[in-house]
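What follows is a set of notes on a single structure, which appears directly below.
The values are calculated or read from the model by the stated rules, or taken from the named source; none is laboratory data. In this text, all values refer to a predicted model and were calculated from it rather than measured experimentally. Methodologically, a virtual Cβ is constructed for each residue, glycine included, from the backbone with ideal geometry; neighbour enumeration extends over all protein chains shown.
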């Protein structure tokens, strides 16, 4: 059932559509609104959480989320099926996030992470995740994510939230494969440091 | 005491379960976008495909058709206006004169490009010859054209009703007070005579210019009508704040071929109507600035 513009996406009955993201996007570019609704349902949550955790402010996340979809809609005619839809959508979102970072403040240096690595040698048995409550663990992970330098945070989130592999993260962010690996290592070290502090 | 291996941690992160923090991350709050944003995005997507899916072609087609129709319409209007202007110029110069008098401007006449003005000497001789001919004042060019092509054309409107003569323009009035010797008596009896002639005898001026403008004496009937016409003329002057253009004589001369007009100027000068000749010459030079004047007229200019 196609949605009218004023309708709420969440009131829709679940739509069983076997089509891939790419097929849905092409169908939407051809005028199939139902295909877009399906596509939106599939990706709205992960995209929103990626943006919210990257930008940390709900207002910013709302704005960039809407802008991302807006650009995807505007560029539907240029979409080619050989590009994976998730990667394409996240590329748009990532570019907007980076723009937002640049406007907000200068990039944090990665030297801080080296210090974190040096102080990371804690005994396995003393790892706090063994002793902290579930609530506390989630709170600490949340804080750790927020404290990550922007590029590390985005890279880490693309892996954790969106499930992208090294190649895909590299494609989305425009960074080299080794750079992506390095950022992930630093991010992990910082998260661990937060848990062990 | 075990130390963490960053490479091993990275490999675990890249595993399907995303390592030791993967499960914890999945338990973080599953925040969703606000519903208002859902509505906004879906609305935009819907508008986008409704806005330019297929109708884009139709819109382009409509724009093209509209543009073509506009061009055709503009061309049609321009053609119609051009036809009307031509018809008015050829068929109703008298009516145009009357309108022009009413609106207080001299109608713009097409400047007749002289056929390669010949040398000054030859031109002077030609002008002298024309000036010497009795009744040399020929028909205006437009009148000639009318006579040459009497094909069924709409009839010219009847001559304008005998409107009281509009006052002469300020410049002309300043210069005209020098009366022709032969006109003195008439001018004394009817100070408004020349102005009356302008309006009331426009058609007659062409057929009998000698009587109206060329110094003919007043007839008794005109003298009887004098005071009445004079009061009419005064009334008209009082009603029109601006003085209209010069005399009908001057306007008629404007329509003459350049060499014929120059001959007329020479004739006016010889007839002792120097002021009138000067006025004609000034107007001639405005309309034909490139025309080389014969020596006799250059002297008049000075």
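Points worth noting:
- Region A:152-183, subset surrounded by fewer than 23 Cβ atoms within 10 Å (Cβ to Cβ), facing chain B (nearest Cβ under 10 Å) and assigned to a helix (DSSP H, G or I), residue nearest to the chain's Cα centre (by Cα): A:166
- Taken over region A:97-113, residues that are buried (at least 19 other Cβ atoms within 10 Å of the Cβ) and modelled with pLDDT of 90 or more amount to 1.
- Residue within region A:62-78 that is more than 25 Å from residue B:23 (Cβ to Cβ) and at pLDDT below 85 present: no
- Failed item in (1) over 20 Å from residue B:11 (Cα atoms); (2) within 11 Å of another protein chain (Cβ to nearest Cβ); (3) modelled with pLDDT of 80 or more, with residue A:125 passing the rest: (3)
- Total residues in region B:1-37, condition surrounded by fewer than 16 Cβ atoms within 10 Å (Cβ to Cβ), facing another protein chain (nearest Cβ under 7 Å) and at pLDDT below 85: 3
- Where residue B:275 falls short, out of the listed (1) modelled with pLDDT under 85; (2) assigned to a helix (DSSP H, G or I); (3) surrounded by fewer than 20 Cβ atoms within 10 Å (Cβ to Cβ): (1)
- In region A:53-83, the residues that are at the interface with chain B (Cβ under 8 Å from one of its Cβ atoms) and over 22 Å from residue B:25 (Cα atoms): A:66, A:69, A:70, A:73, A:74, A:76
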